[in-house]
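J.: Before I ask anything, let me first share the structure, which is written out below as C-alpha cells.
The values are calculated or read from the model by the stated rules, or taken from the named source; none is laboratory data. The structure presented is a predicted model; accordingly, all values stated were derived computationally and were not measured. A quick note on method: Cβ atoms are made from the backbone with ideal geometry, for glycine too, and the neighbour counts reach across all protein chains shown.
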Amino acid sequence: MAMGLLVLLVYGGYTAVTAFVGSDGEGAGSQQVASAAQAGTRGVMAPARAVATQAPGPVDCAVTPCVALTFDDGPVPQTADVVDLLAARGARATFYVVGEQAKRYASVLRHATEGGNEIGNHSWSHVDLRRADPRTAAKELDRTGDAIEEATGVRPATMRPPFGGAVTSVAAQAGLPQVLWSVDTRDWDGRSTASVVARVLSEAQPGGIVLMHDVKGTTRAALPEILDALMSKGYALVTVSELLGRDLTPGGVYRTGPAPTT
Ligand SMILES: [Zn+2]
C-alpha cells in the first residue's frame, strides 16, 4: 500500500514537471499529462467511501436549488483532476478559460466538455479588457472563441471579463453575455484550503455563482469537501448556462440565477 502510494506520488511529480517543460503544446505530451493526472486523482485523492452522486439529466433551478461553480484562468494539466472530481459525483461546472491556455491544452478542455461541463471565454491573454482598445478587446474574445471551438467543437455562449471588469459594448458586439459571480472565494489571494471551503459554504445561496481558480492547488484540494458539502445540502451543481438559461442579453451582466420560490 505504502509502495503503491509512493509510486503514484513520484509519477505525479514527474508529470507535473513535464507539464511545464514540454514544448509540444496540445500534442501527445499534454494528453499523457492529462491521463496521468487522472490516475493520480483516483489513486491518491479519491476517498475510500463512496461519494454521493447527482442524478443525471437536466435540472430545473426554479424547483431545485442550484449552484454554478466556475473555475477561471485554465486550462492547466491539473484541470483534469477537477473534471474527474466533478465526474465522480455527476456534478458539472463551468471553466472560464484563457485562449492561449485553451490552445495549448486542448485535450484537457475536450476532456472537460465530455463530462458535461461548460467552457466560457475569459479572453486570450487575460488582459484587462477595459484598458484595451476596442479592436484589441474584440480580437481577444474572438481568438479565444476560435480556440475553444477548435478544441471542443462548441463556441462558448458566455464570457467572463478578466478582473471582473465588465466591458458591455465589446461583449455585446461579440454576442456574449458577461457572467460575474455572487461568491468570491478569494482563492487568488493566497488563501488556505480551509478558508476557500469556509467561504463557499457560508456564502453559497440558491442561484449562486461561485468564483474559483482551477490553477490554484489550494482550490483543487478544497474541492472534494466543497462538492460533498453542497450536495449534502441538496444543491444541484450545474453549468452557468443551465443556471441562467440560454436567453441572455449579449453584453448583459449576470451575477446570480434563479432560486426556488418556496
Ligand atoms: Zn481570470
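J.: Restricted to the stretch 112-145, and to residues that are among the hydroxyl-bearing types (Ser, Thr, Tyr), in contact (Cβ under 8 Å) with a residue 12 or more places away in the chain and not in a loop (DSSP other than H, G, I, E, B), which residue is nearest to the ligand (Cβ to nearest atom)? If you could, list the steps in order and put the result at the bottom.
T.: Step one: of the stretch 112-145, the residues among the hydroxyl-bearing types (Ser, Thr, Tyr) are 113, 123, 125, 136, 144.
So of that shortlist, the ones also in contact (Cβ under 8 Å) with a residue 12 or more places away in the chain come out as 113, 123, 125, 144.
Subset that is not in a loop (DSSP other than H, G, I, E, B): 113, 144.
Details: Thr113: 20, Thr144: 12 Å.
This residue is Thr144.
J.: Moving on. Regarding the stretch 190-198, can at least one residue be identified that is within 16 Å of the ligand (Cβ to nearest atom) and surrounded by fewer than 21 Cβ atoms within 10 Å (Cβ to Cβ)?
T.: Checking the stretch 190-198: at least one residue is within 16 Å of the ligand (Cβ to nearest atom) and surrounded by fewer than 21 Cβ atoms within 10 Å (Cβ to Cβ).
J.: Just need a number here: residues in the stretch 154-174 that are away from the ligand (no atom under 16 Å from the Cβ) and in a loop (DSSP other than H, G, I, E, B).
T.: Number satisfying all stated conditions: 3.
J.: For residues in the stretch 67-97 being surrounded by 24 or more Cβ atoms within 10 Å (Cβ to Cβ) and without any contact (Cβ under 8 Å) to a residue 60 or more places away in the chain, which is nearest to the ligand (Cβ to nearest atom)?
T.: The selected residue is Val97.
J.: Right, Leu141: crowded, with 24+ Cβ neighbours inside 10 Å, more than 19 Å from Ala93 (Cβ to Cβ) and touching a strand residue (DSSP E or B) at 6+ places or on another chain (Cβ under 8 Å) or not?
T.: Numbers: crowded, with 24+ Cβ neighbours inside 10 Å: yes; more than 19 Å from Ala93 (Cβ to Cβ): yes; touching a strand residue (DSSP E or B) at 6+ places or on another chain (Cβ under 8 Å): yes.
It is true that Leu141 is crowded, with 24+ Cβ neighbours inside 10 Å, more than 19 Å from Ala93 (Cβ to Cβ) and touching a strand residue (DSSP E or B) at 6+ places or on another chain (Cβ under 8 Å).
J.: Given the condition over 23 Å from Arg131 (Cα atoms), modelled with pLDDT of 95 or more and either over 16 Å from the mean Cα position of the chain (by Cα) or not small (Gly, Ala, Ser) (or both), answer yes or no: does some residue in the stretch 164-181 qualify? Walk me through how you get there before you give the answer.
T.: Applying the first criterion (over 23 Å from Arg131 (Cα atoms)) to the stretch 164-181 yields none.
Taking every residue of the stretch 164-181 in turn, none turns out to be over 23 Å from Arg131 (Cα atoms), modelled with pLDDT of 95 or more and either over 16 Å from the mean Cα position of the chain (by Cα) or not small (Gly, Ala, Ser) (or both).
J.: Against the condition modelled with pLDDT under 95, closer than 19 Å to Gly257 by Cα and not charged (D, E, K, R), how does Pro65 come out, does it pass? Step through it out loud before you land on a result.
T.: Working: modelled with pLDDT under 95: no; closer than 19 Å to Gly257 by Cα: yes; not charged (D, E, K, R): yes.
No: the conditions fail for Pro65.
J.: Looking only at residues that are buried (at least 21 other Cβ atoms within 10 Å of the Cβ) and farther than 15 Å from Ala68 by Cα in the stretch 175-189, which one is nearest to the ligand (Cβ to nearest atom)?
T.: The selected residue is Asp187.
J.: Sort out which residues of the stretch 144-171 are over 17 Å from Arg110 (Cβ atoms), among the β-branched types (Val, Ile, Thr) and surrounded by 21 or more Cβ atoms within 10 Å (Cβ to Cβ), and write them in order of number.
T.: Matches in the stretch 144-171: Thr158, Val167, Val170.
J.: Mind counting the residues in the stretch 188-222 that are closer than 22 Å to Phe163 by Cα, out of contact with any Gly (no Cβ under 9 Å at 6 or more places or on another chain) and in contact (Cβ under 8 Å) with a residue 40 or more places away in the chain?
T.: Selection size over the stretch 188-222: 6.
J.: Could you say whether any residue in the stretch 233-241 is hydroxyl-bearing (Ser, Thr, Tyr), at negative phi and not in a helix (DSSP H, G or I)? Explain how you work it out, then say what you get.
T.: Let us first name the residues in the stretch 233-241 that are hydroxyl-bearing (Ser, Thr, Tyr), namely 235, 239, 241.
Cutting the leftovers down to at negative phi gives us 235, 239, 241.
Next cut, not in a helix (DSSP H, G or I) only: 235, 239.
Yes, there is a match, as at least one residue in the stretch 233-241 is hydroxyl-bearing (Ser, Thr, Tyr), at negative phi and not in a helix (DSSP H, G or I).
J.: Could we say that Asp228 is more than 16 Å from the chain's Cα centre (by Cα) and modelled with pLDDT under 95 here?
T.: On the way: more than 16 Å from the chain's Cα centre (by Cα): yes; modelled with pLDDT under 95: no.
So Asp228 does not fit the description; no.
J.: I'd like the residue in the stretch 98-111 that is of a type outside the set (Gly, Ala, Ser) and either without any contact (Cβ under 8 Å) to a residue 60 or more places away in the chain or outside any helix (DSSP H, G or I) (or both) and, out of all such residues, is nearest to the ligand (Cβ to nearest atom).
T.: Keep residues of the stretch 98-111 that are of a type outside the set (Gly, Ala, Ser), which gives 98, 100-101, 103-105, 108-111.
Filter again for either without any contact (Cβ under 8 Å) to a residue 60 or more places away in the chain or outside any helix (DSSP H, G or I) (or both), leaving 98, 100-101, 105, 109-110.
On the way: Val98: 7, Glu100: 13, Gln101: 11, Tyr105: 16, Leu109: 16, Arg110: 21 Å.
Per the criteria, the residue is Val98.
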